[in-house]
Amino acid sequence: MRVGDRKKVTAKWSFALSSDPGTLNVAYDLWLHAKSTADWQDQPTDEIMIWLYRQGGAGPLGTKYGSVSLGGAMWDIYQGDIGWHVYSFVRRANTTSATLNLDDFTQALVRRKLLSADKYVSGIESGSEVFKGSGRLDTGSYSVDIG
């Protein structure tokens with residue numbers, strides 16, 4: 001789906017973590033490409049992470065760019081590069097349940113001229129990155145509805 005098409009992408013996720021999972025984040029991960037036919041062999045041009053939860057001092061790649069209010073919460077925006085652009089929206093207050101329009105996040109980057117409206121969202125993932133320690137992430141419910 002092309003970012004400029006402005007399709008509503010409703011993502012709902014409810015999860016639970018073990019009581020002492022260490023240093024980690026729990027996030028959505030959107031992958032973007034310059035072409036609509038990208039597959040697993042194509043390196044992305046951009047990655048957008050939407051951090052719902054973090055613990056133990058986990059922090060995003062790059063430097064803080066600014067802040068934005070989306071989906072009823074405040075988010076700090078970070079910008080970094082690992083061979084492609086990585087934009088991280090880090091929620092200021094942790095949550096274990098969210099309903100978001102992911103298009104709001106791509107459009108926040110377009111408005112700031114960080115992301116081109118001609119890019120294509122080629123994948124939407126979610127999960128955790130564990131930096132230290134161990135733990136357990138249990139998903140109670142999860143859905144992504146496009147359109």
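Within this structure, Gly57 fails the test of being open to solvent by less than 70 Å² (accessible area, probe 1.4 Å) and touching a strand residue (DSSP E or B) at 6+ places or on another chain (Cβ under 8 Å). I'm trying to understand the selection: among the residues of the range 32-54, which are touching a His at 6+ places or on another chain (Cβ under 8 Å) and buried (at least 16 other Cβ atoms within 10 Å of the Cβ)? Answer for the range 32-54, where residues must be touching a His at 6+ places or on another chain (Cβ under 8 Å) and buried (at least 16 other Cβ atoms within 10 Å of the Cβ): Pro44, Thr45, Asp46, Glu47. Filter the range 106-128 down to the residues that are hydrophobic (A, V, I, L, M, F, W, C) and in contact (Cβ under 8 Å) with a residue 60 or more places away in the chain, then identify the one that is surrounded by the fewest Cβ atoms within 10 Å (Cβ to Cβ). Looking at residues that are hydrophobic (A, V, I, L, M, F, W, C) and in contact (Cβ under 8 Å) with a residue 60 or more places away in the chain, I get Ala117. Annotation: of all residues in the range 130-147 being over 21 Å from Ala98 (Cα atoms) and open to solvent by 90 Å² or more (accessible area, probe 1.4 Å), the one that is nearest to the chain's Cα centre (by Cα) is Phe131.
Taking Tyr120, is it within 16 Å of Phe15 (Cβ to Cβ) and hydroxyl-bearing (Ser, Thr, Tyr)? No: the conditions fail for Tyr120. For the range 85-102, the set of residues classified as surrounded by 14 or more Cβ atoms within 10 Å (Cβ to Cβ) and touching a Lys or Arg at 6+ places or on another chain (Cβ under 6 Å) consists of Asn101 only.
The values are calculated or read from the model by the stated rules, or taken from the named source; none is laboratory data. Small disclaimer: the values here were computed from a predicted structure and weren't measured. No Cβ is skipped: glycine too gets one built from the backbone with ideal geometry, and neighbour counts run over all protein chains shown. Please note that ligands, DNA and RNA were not included when accessible areas were found on the heavy atoms of the full protein model with its side chains. Shrake-Rupley method; radii C 1.70, N 1.55, O 1.52, S 1.80 Å.
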